[in-house]
Structures are given as structure tokens and as C-alpha cells.
1. Please state which one of Leu322, Leu291, Leu369 is aliphatic (A, V, I, L, M) and at pLDDT 85 or above.
2. Search segment 161-178 for residues that are more than 18 Å from Arg378 (Cβ to Cβ) and not assigned by TED's automatic domain parsing to the domain that holds Val374 and pair each with any residue that is small (Gly, Ala, Ser) and modelled with pLDDT of 85 or more when their beta-carbon atoms are under 6 Å apart and the residues are at least 6 apart or on different chains.
3. Do any helices (runs of 4 or more DSSP H) entirely within segment 13-74 hold 2 or more residues that are free of Cβ contacts under 8 Å to residues at least 24 places away in the same chain, and if so, which?
4. Select from segment 222-269 the residues that are under 21 Å from Trp81 (Cα atoms) and touching a residue at least 60 places away in the same chain (Cβ under 8 Å) and write down the one among them that is surrounded by the most Cβ atoms within 10 Å (Cβ to Cβ).
5. Yes or no: segment 283-303 includes at least one residue that is under 24 Å from the mean Cα position of the chain (by Cα), over 23 Å from Val43 (Cα atoms) and either in contact (Cβ under 8 Å) with a residue 40 or more places away in the chain or assigned by TED's automatic domain parsing to the domain that holds Gly222 (or both).
6. Here is a list: Thr28, Thr33. Which entry is crowded, with 16+ Cβ neighbours inside 10 Å, at pLDDT 80 or above, farther than 30 Å from Trp63 by Cα and of a type in the set (Val, Ile, Thr)?
7. Go through segment 74-91 and give me each residue that's of a type in the set (Ser, Thr, Tyr) and either modelled with pLDDT under 85 or farther than 13 Å from Pro131 by Cβ (or both).
Amino acid sequence: MITPHHPRSLESLRTRHGTRFRWLVMLTAMIGTMASIMSSTIVNVAVPDLSHYFTLDQAQAQWVSASFMIAMTLSMLLTPWLLARFGLYATYAGAIVLLMAGGITGGLAGSFWLVLAMRVVEGLAAGVLQPIPSIVILRAFEPHEQGRALGIFGFGVVLAPALGPTIGGFLVEHYGWRSIFFVVVPFCVAALVLARRYMPIQSQAPDRRALDWKGLVLVTIGIVCLLNGLAEVQGASRTSGLILLTVAVVAVALFIYTQLHNPAPLMQMKLYKSRQFSMGALVSLIYGAGLFGSTYLLPVYMQMALPYGAGRAGLTLLPAGLVLAMVIPLGGKLADKYPAHILITSGLGVLAGSLALMATVGPATPYLLLVLWVILGRVGIFSALSLATMRGMEPDLIAQASSTANFVRQLGGAIGVSTTGILLEWRLATHPGGMTEHAIAFDETFLVLAGVCAAAMIAAWRMRPASADRPKDQDKDTPSTAPTP
């Protein structure tokens, strides 16, 4: 057992480094998280280059992004168990090493299947890393400082999805697709050096409870069969697709059953007894699908249907990321003044409108107008979603609620990326030809995503509390997480 007097305990590190320790440990967590988020989005601008190199169609190429999302979604469920079993430092450092190994091996890969395998490895590491910064901030900062710390952390994290495609586009144009895999290496090295100095290890005896392997296997089978089944149903193997979808339904049903009868489940199913949480989870699922699906689609669209290269395609997301970083504090202030369900419904409406406007873009559209439509969709994102989803939760369920809400949003992202690639491949087959015909296929895909986000507004409105809102001061104590497309 690690005592509070151990040199690597939280108490000892705080005493040794003084007041600056809390910012140093937050910086350590932030660097690792930014590396994992960049590894998620940076590959999108390389999809056309990868497709040409390995001779892939869109249904195959989307797995470069979707495999990462699936792995990240599943490993999120493992983080609480890993932290309880191995402690904070070992879990964080192990995930960073795994992320770096995936990046280096992926950049050296000679086959598409090895590239996919390394994307899975990177996704597993990213999912483990996602919840750690919030835990670090809640442990290292005093309650009256946590809001400011989360705001600063959120500002840094939301820049990563914008910086990833921007850096990736430059690298793809000048050095080829392999170079994007090596971007995470310097971040990982810095994170490991800082973690060795500032990341505390656990301060209590390890929890020796066994992992819920049955639940993990069932949810993995369900998600993988669902995404593969969707691809097969659209393709020539419709019968095998239907079989996979059936297996997915059965696996999910068995997963729910095992979670209901497990004293230490991966997912606490009684959370869904709350209407607000259920509707919030549904909104998170659809929101993740629309946001991640459009983030995947945009760079591919600009290179296949518009006269832009990878560098300009990646640069398009940078202004949107900067604007998002600036509006996050505004979203927090608005959440203090207005009901969350109104903000969430409005944000989804703005995102749907932005995606619909993308369908009006053509080769003659000014580049700055295209950037404006992208920015518009990001302005409609507010942190009120996680706040409203967890409102009214019992204190001992808040951690499970936060973990589950993140899991559902990332699952939506995986489904969104996969189905967007499948839908695009179908529409491209319907509109064969040159750039003009390709543009029609992309326009139709953008409109479908817009319709999905608009439909989520119904569930968002149903997040309206059945009773009067709780006092605003109570809401401020509930930590929120920034979105990571």
C-alpha cells in the first residue's frame, strides 16, 4: 500500500513542488490527451493519399478512422478498472507508451492491415487517456479552482482536433501519409518525461476485483458486428450483412442483461432510469455521429470534389477550432443563465444548418465562405450537454454517468465515421464521373448528416427537467467535458 508519505504520492508531490504542482500535473495530463486527440483527427486529411497508395475504396478507407474510434470507445470502459488496479501513473504512462508504439509502427507499416492494427492500438491508448485529465484536476485542485482549471484544459484540448488536420495536411503534401503517424512521438516523449516527475501514483491499496471480461467481449462483438454489418448490407454481401446485424443485436441484448446482474458492471444500467440521462445519452450518440462524421467528410470532400490539396483541406478546421476554444467560456456562462435543453437544442440546430450549407458549396464558392460555414457548426457546440445529462444524479453515480456519457458520444462518433464512409461510397457509385458528379454525392451525404442532427433536436428538447431547475450553484459543482472530434 502506498502511504501519503511516499515520495510519489499526491501529498508528497504537492509539498515538494508547492503551488505550481497543480498546473504542472495538469500540463502533463493535457499533453498526453492532446497527442491522443491529434492522432484521432490527423489521419482524415491523409485518406485520399492512403486510398491511392493501398488502392482502397471509401468503404475500406473509412476504417482508418473508424477503427480508431471503435477502439477508443471500448477502452474508455476499461479506464476505471485500470486506475483502481494499477494506479494513475502506471495507467497514464502505459497508455502513452502504447500510443507512441502505434504511431511509430503505423508510420513504418508496409500493408494496409498493419496500418489498421496500429490505428486500433492508438485508439485503445486514446480511450484510456480520455478520462484521466478530469481525475487529475479534481484531485490536484481545490474546489474553487477546478472550474478555472477545466476551462484552461478545455481550451487546450479543443485546439487539438483543429491542429491535427492542419499539421497533417502540410505533412501529407510534403512528406506523404507516413509522416502523420510520427507526429505523436514528440508529444508522447514529453508526456513521459513530465509524468515521471509530476504524475502521482495511487495512494491506496490496489483493487483486485476481476475485470468484467464477459461484458467487454459482448460489447466488442456488438459494436464490431454492427459496423461491419452496415457495410455488408450496403455492398454485395447483403445476407452476411444481415447476419452480422443480427449478431450485433443479440450481443448488445446479452451485454445489457449481464450488466443488470453484475455487482461491478462496466456500465451502470440504472443510469437510464433518469429521463434526462436517457435523452442526454441519445443526443450524445447522435451528436457524436454528426460531428465526427462531418470532421471525417470535410477533408475528403475538399480533395475529391473541390480544387484543394491536403494542406488547404487541413487548414480549414483550424479557424473553427480557435473559435470553439473562445466560445467554450461563453457556453459556460450561458449555461448558468439559460436552461440547458434550450442551449443544446439551439446548438444542434446550428450544427444541422452548417452541414446543410455545406451542400451549397461548389468550386466557385470562396474559400473564406467555406471556412465560415465550418465555423458556424462549431459555434453551436456548448458544454451544457454533459451538465444536463448528469443533472440530478446521485453523488456515487456521477463518475459512472460521466464515463457512460463519454462512451456513448464516442460510440456515436465511430458509427458516424463508418456510416458516413459507407453512405459516401454508395452515393459516389450512383454519381460516377469527374469532380462535378462527386460533388453531388458529397452534397447528399452532408444533407443526410444535417437531417440526423436536426432529428436529435427532439431528444434534446425532452431533456427539459420534469420539475423546476435545481439551483445554479449546484450545477457549477458538476464537471463537464469538452468535445474531442
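1. Details: Leu322 fails: at pLDDT 85 or above; Leu291 fails: at pLDDT 85 or above.
Exactly one residue qualifies, and that residue is Leu369.
2. Leu171/Ser179; Arg178/Gly107
3. Filter on segment 13-74 gives 47-54.
4. Residue satisfying both the conditions and the ranking: Leu266.
5. Checking segment 283-303: at least one residue is under 24 Å from the mean Cα position of the chain (by Cα), over 23 Å from Val43 (Cα atoms) and either in contact (Cβ under 8 Å) with a residue 40 or more places away in the chain or assigned by TED's automatic domain parsing to the domain that holds Gly222 (or both).
6. Working: Thr33 fails: farther than 30 Å from Trp63 by Cα.
The match here is Thr28.
7. Within segment 74-91, Thr79, Tyr89 qualify.
The values are calculated or read from the model by the stated rules, or taken from the named source; none is laboratory data. Note that the coordinates shown come from a computational prediction; the quantities given were computed from them, not determined experimentally. Reconstructed Cβ throughout: ideal geometry from the backbone, glycine too, with neighbour counts over all protein chains shown.
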